[in-house]
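Q: Sending over a structure as structure tokens; questions will come in a sec.
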Number of protein chains: 2
Amino acid sequence: MTLRRHGVSEGILFTDLYQLTMAQAYFRAGAHMKNARFDYFFRKNPDYGMHQSGYSIFAGLESFLEWAETARLNRTEVEFLKRLKTTTGRALFTPDFIRWFSKHGAFDGVRISAVPEGRVVHPNVPIAIVEGPLAQAQLIETALLNKLNYQTLVATRASRIREAAQGRMMIEFGLRRAQGTGGNEGTRAALIGGADFSSNVGASCELGFPPKGTHAHSLVQAFMALGYGELGAFRMYADVYPDDCLLLVDTINTLESGVPNAIKVFEELKRKGHRPIGIRLDSGDLAYLSIHAHKMLSAAGFPDVSIVLSNQLDEIVISQILLRISEEASVFGVDPDAVARRLTFGVGARLLTSEGCSALDGVYKLSAIEQEKDWRPSIKLSESPAKTLNPGRKKVWRLYDRRQKAVGDLIALEDEHPENETRLVMRHPLRVDVFRRLNRSELSEVEPLLTRVYGNGKRLRQTPPIAEIRRIRDYDLARLDLGVKRLINPHIYHVSLSEALWELKQSLIEAEKGSPAKGPKVHRLRKLKRKKSKK
Amino acid sequence: MTLRRHGVSEGILFTDLYQLTMAQAYFRAGAHMKNARFDYFFRKNPDYGMHQSGYSIFAGLESFLEWAETARLNRTEVEFLKRLKTTTGRALFTPDFIRWFSKHGAFDGVRISAVPEGRVVHPNVPIAIVEGPLAQAQLIETALLNKLNYQTLVATRASRIREAAQGRMMIEFGLRRAQGTGGNEGTRAALIGGADFSSNVGASCELGFPPKGTHAHSLVQAFMALGYGELGAFRMYADVYPDDCLLLVDTINTLESGVPNAIKVFEELKRKGHRPIGIRLDSGDLAYLSIHAHKMLSAAGFPDVSIVLSNQLDEIVISQILLRISEEASVFGVDPDAVARRLTFGVGARLLTSEGCSALDGVYKLSAIEQEKDWRPSIKLSESPAKTLNPGRKKVWRLYDRRQKAVGDLIALEDEHPENETRLVMRHPLRVDVFRRLNRSELSEVEPLLTRVYGNGKRLRQTPPIAEIRRIRDYDLARLDLGVKRLINPHIYHVSLSEALWELKQSLIEAEKGSPAKGPKVHRLRKLKRKKSKK
């Protein structure tokens, strides 16, 4: 049995069962239409083992919003739901709930605010906020997490690789080892985060990019087995693509066979008035081979053709290759910059599957619920204090210093206006003894990060093209401290709570734990009129 | 810009650009209809860092074959292809090639043999073989790799987790952190490899499984914020699902609040004649909490309800939990088996994204091409000897000893019949000095592994249901040595070459490298009539 492409597994049932059972429980309790608010945030930047990112790049929002716009319970799906049984063989979902779900189970009631795609984002900061009827806001969770977690994961990796490649071209080659059809979303995220192009034809075409590629070993092998040799294979390829001739030179032996044969073909092309594009190295010591291939190509009168590197590349491998070239090229009488200048990087599985950190730990947590026109903040404690939620309806601000560099993100309550305050208090999310005071005059900007992106079942603005999302990324990265962008051991970017949020959190923790309230704080608490739990 | 669901990115253009440009090069050279043969194999079992698997479970075949059956170039796709340009602005694909591609670019010419899904498979063994017109066999590569690599990766992880869980129920919960829509294929592979059920509603429904689930913290948080407390939330849930009541008990404090409240609700259910299902623990020290939750539940008269564990589980964490329970339960006056018996494992991101090894290194390599009715073996050398291909048209056999245990896989040339030979020579794939002789009488079975699964554009048999694929898996796992299944440091399973294949490989290596042929071997070579390359 297989999954039908375009089947029910990609629509509104692209979800976990418990979203449906919880929605029915809310429905039965009459709580399904209460306004609720959920925050999406992640707790840690991607951590690849020996090296953790100092920031993330947000992506996946448009894919998620498009899903939310179009996901509607259809007849096939209703039939599936009707067939599900309880342990005693009764219908798991009752007809009245299915009727409600068919009519209101789409997402026309929710309002979504989010950070735009391409922006630099940080742990614990709500980067998408869903507000609306409890059942709808619950039902949207799984797809939201799936789409935002994965694309943010890949966009972040792509940005790191782009930093490592220092402005050289980078092409995404990962579809063959991507995690199923998710590879298409991976390609999109890679193009947002840092890849210039992708080899993925379908996704590139849909996103408005020309797909890119070279050729595989099989082409050389096929023509070799047919008796033409590597040179014959290259000639055949050059004949078909005289102005796009990029040759893979490591099928037999890179320096003894591949590069000399490529040079012969390039000379033939040149004589016919064409400009060869380059060679690709896919195995062996890529730094060493780049230096020597460069030397041979330059000596033959091809100082500019590209050298494309591929084979298990990531940000660390790329920076090692560049470092080794800068250290070793001169040993062989070669200018390291001349070698490095002609490099292009083809990045595959390690980018699209985010090897070393295959999932972002993004979560979607209830922060408040409305009861009789009064929003009640919600908290969840945890044995690990870092996992205790920041409660209530919140907004997020980014603060920039006079150099226009981001100094930190401030999570505040919705009715606060840090942009108007003369002195800001930035509280450490956990530690009572760590806080920071900033005078507004020290800051060049206090920027709200979230904007309304979805309401009445529709996106509220046109989907920006990838090029615009990249401009957003570049602008944000330019305002991020170099230390935070460092590939290994980056500076920690500060995410703080406002004084009011910090106090709300403390008082809820105390109330929840039943510990004696510390008088001086509780009276300053706004809007906390919780009934005692019946416990 | 987003990817349109059900757009061109999932059809025949779910591929890398170079497959299309190579197909056009073959077309231009008149080589596109030559019969070619490609092998799919992987080089290493999944390696999760500190622990590498000793085997893999094959999955993804039916998804791939379904794609091959239905992928056809449509008008939208033709328009995309027509718009692609060379660097000089001419059409990248010429009208005659696009005509050919529209007419013959589907996969009606290829024949595919493969190992059935669910079978135990090993490195370097061809587990899917595609034979047919060179251009078609080339065009099929990316989708084949994508679908087989990912599902095999996840089925293998699921099988290991199932081994670690020692027969306890295991449910896949990973969609929220899966890699995009690939999560659906991940669910399928998890169900093949070892998960009993999944929380993924759409995929479960399509695959004929009831989806499973509990509830989230948000349900408790919502009812708490509305003033009902954890106990009120549990009661609300139990009221809606009296016969399916599984309560998440760690929102406030597991042992002080969650479990006592769950017990109250279970008692109420019991009085009304219902049977509660269990509790779920999602944070903290799961071994310790399991022991104490078990003690409390048993003391309250619920010795059988399940304890579902979740939170970053994988095979190592699960075996540690079971080990710790077996060591520590008696300290608290509890029978460790009684605790372990009631456990169920919910496994999420670490299963669906194969955390620690996010991609299988499966490759698709040309092994032979037909010229004038004569099949010419193809080889690709590599600076890493382990990567040098096994050339020629091959078949694969699995040998079983008298205990019915698999002793090794034998890769032989297609015209060999090891099942009829009285003495088998098993050659180490690389080392000349390592080989093994087996008398047929020592073996209970010599089993061919590959069967024809696709031809004339169709699957040649009905897609087996997941339940049948699981029976295949169980039968194979039972015939695999315990040592090979070990989670850490497994025995290495032997994959060998037949004498004839070994000799073909050596002679091709010598011919390719231009080294002096070692007389005695070359004359025994069959069917090798390669022209000298023109080099």
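Q: Would you mind finding the one in B:E230, B:E256, B:E206, B:E268 that is buried (at least 24 other Cβ atoms within 10 Å of the Cβ), out of contact with any strand residue (DSSP E or B) (no Cβ under 6 Å at 6 or more places or on another chain) and not polar (S, T, N, Q)? Break it down into steps so the answer makes sense when it comes.
A: Numbers: B:E256 fails: buried (at least 24 other Cβ atoms within 10 Å of the Cβ); B:E206 fails: buried (at least 24 other Cβ atoms within 10 Å of the Cβ); B:E268 fails: buried (at least 24 other Cβ atoms within 10 Å of the Cβ).
One residue alone meets the criteria, B:E230.
Q: Further question: Read through the list (1) out of contact with any Phe, Trp or Tyr (no Cβ under 9 Å at 6 or more places or on another chain); (2) within 30 Å of A:R350 (Cβ to Cβ); (3) assigned to a loop (DSSP other than H, G, I, E, B), then give the number of the only condition that A:R72 fails.
A: Going through the list (1) out of contact with any Phe, Trp or Tyr (no Cβ under 9 Å at 6 or more places or on another chain); (2) within 30 Å of A:R350 (Cβ to Cβ); (3) assigned to a loop (DSSP other than H, G, I, E, B), A:R72 breaks only (2).
Q: Another question, then. Collect the residues in region A:21-48 that are at the interface with chain B (Cβ under 8 Å from one of its Cβ atoms) and out of contact with any Leu (no Cβ under 7 Å at 6 or more places or on another chain), keeping them in residue-number order.
A: Keep residues of region A:21-48 that are at the interface with chain B (Cβ under 8 Å from one of its Cβ atoms), which gives A:21-22, A:24-26, A:28-29, A:31, A:34, A:36, A:38.
A:T21, A:Q24, A:R28, A:A29 - these are the residues of region A:21-48 that are at the interface with chain B (Cβ under 8 Å from one of its Cβ atoms) and out of contact with any Leu (no Cβ under 7 Å at 6 or more places or on another chain).
Q: Quick check: anything in region B:150-169 over 25 Å from A:F93 (Cβ atoms), of a type in the set (F, W, Y) and part of a helix (DSSP H, G or I)?
A: To start, the set of residues in region B:150-169 that are over 25 Å from A:F93 (Cβ atoms) comprises B:150-168.
When the remaining residues are screened for being of a type in the set (F, W, Y), the result is B:150.
Those still in the list that are part of a helix (DSSP H, G or I) too: B:150.
Yes, some residue in region B:150-169 is over 25 Å from A:F93 (Cβ atoms), of a type in the set (F, W, Y) and part of a helix (DSSP H, G or I).
Q: Count, please, the residues in region B:110-148 that happen to be in contact with a Gly (Cβ under 7 Å, 6 or more places away or on another chain) and either under 18 Å from B:F58 (Cβ atoms) or outside any loop (DSSP other than H, G, I, E, B) (or both). Steps first, please.
A: Our first condition is that a residue be in contact with a Gly (Cβ under 7 Å, 6 or more places away or on another chain); within region B:110-148, this holds for B:110-111, B:132-133, B:136, B:139, B:145-148.
This time we only want the ones that are either under 18 Å from B:F58 (Cβ atoms) or outside any loop (DSSP other than H, G, I, E, B) (or both), so: B:111, B:132-133, B:136, B:139, B:145-148.
Residues that pass the stated criteria total 9.
Q: Let me ask you something else. Within 30 Å of A:D374 (Cβ to Cβ), part of a helix (DSSP H, G or I) and more than 10 Å from every other protein chain (Cβ to nearest Cβ): does that describe B:F266? Before the answer, list the steps.
A: Numbers: within 30 Å of A:D374 (Cβ to Cβ): no; part of a helix (DSSP H, G or I): yes; more than 10 Å from every other protein chain (Cβ to nearest Cβ): yes.
Against the criterion (within 30 Å of A:D374 (Cβ to Cβ), part of a helix (DSSP H, G or I) and more than 10 Å from every other protein chain (Cβ to nearest Cβ)), B:F266 does not qualify.
Conditions (1) of a type outside the set (A, V, I, L, M, F, W, C); (2) more than 10 Å from chain A (Cβ to nearest Cβ), marked per residue:
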{"position": "B:F107", "(1), (2)": "no, yes"}
{"position": "B:A128", "(1), (2)": "no, yes"}
{"position": "B:K147", "(1), (2)": "yes, no"}
{"position": "B:L153", "(1), (2)": "no, no"}
{"position": "B:G167", "(1), (2)": "yes, yes"}
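Q: Would you say A:H294 is touching a strand residue (DSSP E or B) at 6+ places or on another chain (Cβ under 7 Å) and over 28 Å from B:M33 (Cα atoms)? Quick ask: steps written out before the conclusion?
A: Numbers: touching a strand residue (DSSP E or B) at 6+ places or on another chain (Cβ under 7 Å): yes; over 28 Å from B:M33 (Cα atoms): yes.
Yes; evaluated as a whole, the condition is true for this residue.
Q: Now for a different question. Can you find a residue in region B:397-412 that is in contact with a Ser or Thr (Cβ under 6 Å, 6 or more places away or on another chain) and within 26 Å of B:K34 (Cα to Cα)?
A: There is at least one residue in region B:397-412 that is in contact with a Ser or Thr (Cβ under 6 Å, 6 or more places away or on another chain) and within 26 Å of B:K34 (Cα to Cα).
Q: Is there a residue being surrounded by fewer than 24 Cβ atoms within 10 Å (Cβ to Cβ) and in contact with a strand residue (DSSP E or B) (Cβ under 6 Å, 6 or more places away or on another chain) anywhere in region A:155-164? Walk me through how you get there before you give the answer.
A: From region A:155-164, those surrounded by fewer than 24 Cβ atoms within 10 Å (Cβ to Cβ) are A:163-164; that's our starting set.
Checking the rest, the ones that are also in contact with a strand residue (DSSP E or B) (Cβ under 6 Å, 6 or more places away or on another chain) come to none.
So far as region A:155-164 goes, no, none of its residues is surrounded by fewer than 24 Cβ atoms within 10 Å (Cβ to Cβ) and in contact with a strand residue (DSSP E or B) (Cβ under 6 Å, 6 or more places away or on another chain).
Q: Considering only residues that are facing chain A (nearest Cβ under 7 Å) and assigned to a helix (DSSP H, G or I), which ones fall in region B:181-195? Quick ask: steps written out before the conclusion?
A: Taking region B:181-195 as the starting set, the residues that turn out to be facing chain A (nearest Cβ under 7 Å) are B:181-186, B:188.
Within region B:181-195, B:G182, B:G183, B:N184, B:E185, B:G186, B:R188 meet the criteria.
Q: Consider B:T87 against the criteria (1) within 12 Å of chain A (Cβ to nearest Cβ); (2) in contact (Cβ under 8 Å) with a residue 24 or more places away in the chain; (3) in a loop (DSSP other than H, G, I, E, B): it satisfies all of them except one. Which criterion is unmet?
A: Result: B:T87 passes all but (2).
Q: Tell me, yes or no, whether region B:366-380 has at least one residue that is at pLDDT below 95, more than 27 Å from B:L438 (Cα to Cα) and among the aliphatic types (A, V, I, L, M).
A: yes
Q: Quickly run through region B:405-435 and pick out the residues that are surrounded by fewer than 16 Cβ atoms within 10 Å (Cβ to Cβ) and among the aliphatic types (A, V, I, L, M). Before you say what the answer is, go through the steps one by one.
A: Of the residues in region B:405-435, the ones surrounded by fewer than 16 Cβ atoms within 10 Å (Cβ to Cβ) are B:405, B:414-415, B:417, B:419-423, B:428, B:430-435.
Within region B:405-435, B:L430, B:V432, B:V434 qualify.
Q: Can you confirm whether region B:351-373 contains a residue that is away from chain A (no Cβ under 14 Å), surrounded by 18 or more Cβ atoms within 10 Å (Cβ to Cβ), charged (D, E, K, R) and assigned to a loop (DSSP other than H, G, I, E, B)? Reasoning before the result, please.
A: Of region B:351-373, the ones away from chain A (no Cβ under 14 Å) are none.
The answer is no, given that none of the residues of region B:351-373 is away from chain A (no Cβ under 14 Å), surrounded by 18 or more Cβ atoms within 10 Å (Cβ to Cβ), charged (D, E, K, R) and assigned to a loop (DSSP other than H, G, I, E, B).
Q: Run B:H292 past the list (1) within 25 Å of B:A190 (Cα to Cα); (2) touching a residue at least 40 places away in the same chain (Cβ under 8 Å) and report the number of the one that doesn't hold.
A: The number of the failed condition is (1).
Q: Right, next: Need the failing condition index for A:E66 against (1) in a helix (DSSP H, G or I); (2) out of contact with any strand residue (DSSP E or B) (no Cβ under 8 Å at 6 or more places or on another chain); (3) buried (at least 16 other Cβ atoms within 10 Å of the Cβ), just the number.
A: A:E66 satisfies all of (1) in a helix (DSSP H, G or I); (2) out of contact with any strand residue (DSSP E or B) (no Cβ under 8 Å at 6 or more places or on another chain); (3) buried (at least 16 other Cβ atoms within 10 Å of the Cβ) except (2).
Q: Among residues belonging to region B:380-404 that are closer than 18 Å to B:V115 by Cα and more than 14 Å from chain A (Cβ to nearest Cβ), point out the one that is surrounded by the fewest Cβ atoms within 10 Å (Cβ to Cβ).
A: The qualifying residue surrounded by the fewest Cβ atoms within 10 Å (Cβ to Cβ) is B:Y400.
Q: When residues of region B:201-229 are filtered for being facing another protein chain (nearest Cβ under 7 Å) and not in a loop (DSSP other than H, G, I, E, B), how many remain?
A: Result for region B:201-229: 14.
Q: What number of residues within region B:188-203 are under 19 Å from A:A143 (Cα atoms) and touching a Phe, Trp or Tyr at 6+ places or on another chain (Cβ under 9 Å)?
A: Residues that pass the stated criteria total 6.
Q: Here is a follow-up. Please state which of the following conditions B:G273 fails to meet, knowing it meets all the rest: (1) farther than 29 Å from A:R83 by Cα; (2) surrounded by fewer than 21 Cβ atoms within 10 Å (Cβ to Cβ); (3) more than 8 Å from chain A (Cβ to nearest Cβ).
A: For B:G273, the failing item is (1).
Q: Further, regarding this structure: So which of A:F97, A:F107 ends up being in a loop (DSSP other than H, G, I, E, B), crowded, with 20+ Cβ neighbours inside 10 Å and in contact (Cβ under 8 Å) with a residue 40 or more places away in the chain?
A: Values: A:F97 fails: in a loop (DSSP other than H, G, I, E, B).
One residue alone meets the criteria, A:F107.
Q: With respect to A:A59, is the statement that it is outside any loop (DSSP other than H, G, I, E, B), crowded, with 17+ Cβ neighbours inside 10 Å, of a type in the set (G, A, S) and in contact (Cβ under 8 Å) with a residue 60 or more places away in the chain true? If you could, list the steps in order and put the result at the bottom.
A: Numbers: outside any loop (DSSP other than H, G, I, E, B): no; crowded, with 17+ Cβ neighbours inside 10 Å: yes; of a type in the set (G, A, S): yes; in contact (Cβ under 8 Å) with a residue 60 or more places away in the chain: yes.
For A:A59, the condition - outside any loop (DSSP other than H, G, I, E, B), crowded, with 17+ Cβ neighbours inside 10 Å, of a type in the set (G, A, S) and in contact (Cβ under 8 Å) with a residue 60 or more places away in the chain - is not met.
Q: Here's another thing I want to ask about it. Give B:D243, B:D239 a once-over and let me know the one that is assigned to a loop (DSSP other than H, G, I, E, B), farther than 23 Å from A:F14 by Cα, of a type outside the set (S, T, Y) and at the interface with chain A (Cβ under 10 Å from one of its Cβ atoms). Break it down into steps so the answer makes sense when it comes.
A: Values: B:D239 fails: assigned to a loop (DSSP other than H, G, I, E, B).
Exactly one residue qualifies, and that residue is B:D243.
Q: Of everything in region A:327-364, what is touching a Pro at 6+ places or on another chain (Cβ under 7 Å) and either over 19 Å from A:V308 (Cβ atoms) or at pLDDT below 95 (or both)? Give them in sequence order.
A: A:S330, A:S354, A:C357, A:L360
Q: Output the residues belonging to region B:210-227 that are in contact with a helix residue (DSSP H, G or I) (Cβ under 7 Å, 6 or more places away or on another chain) and surrounded by 20 or more Cβ atoms within 10 Å (Cβ to Cβ). Before you say what the answer is, go through the steps one by one.
A: Within region B:210-227, the first condition is being in contact with a helix residue (DSSP H, G or I) (Cβ under 7 Å, 6 or more places away or on another chain), and the residues that meet it are B:210-216, B:218-220, B:222-224.
Result: B:P211, B:K212, B:G213, B:T214, B:H215, B:A216, B:S218, B:L219, B:V220, B:A222, B:F223, B:M224.
Q: Condition test on A:F234, is it more than 7 Å from chain B (Cβ to nearest Cβ) and either under 39 Å from the mean Cα position of the chain (by Cα) or part of a strand (DSSP E or B) (or both)? Walk me through it before giving the result.
A: Values: more than 7 Å from chain B (Cβ to nearest Cβ): yes; either under 39 Å from the mean Cα position of the chain (by Cα) or part of a strand (DSSP E or B) (or both): yes.
So A:F234 fits the description; yes.
Q: Can we say A:E256 is under 22 Å from B:P385 (Cα atoms), among the acidic types (D, E) and at pLDDT 95 or above? Steps first, answer last, please.
A: Values: under 22 Å from B:P385 (Cα atoms): yes; among the acidic types (D, E): yes; at pLDDT 95 or above: yes.
Yes; evaluated as a whole, the condition is true for this residue.
The values are calculated or read from the model by the stated rules, or taken from the named source; none is laboratory data. Note that the coordinates shown come from a computational prediction; the quantities given were computed from them, not determined experimentally. All Cβ positions, glycine included, derive from the backbone under ideal geometry; neighbour counts span all protein chains shown.
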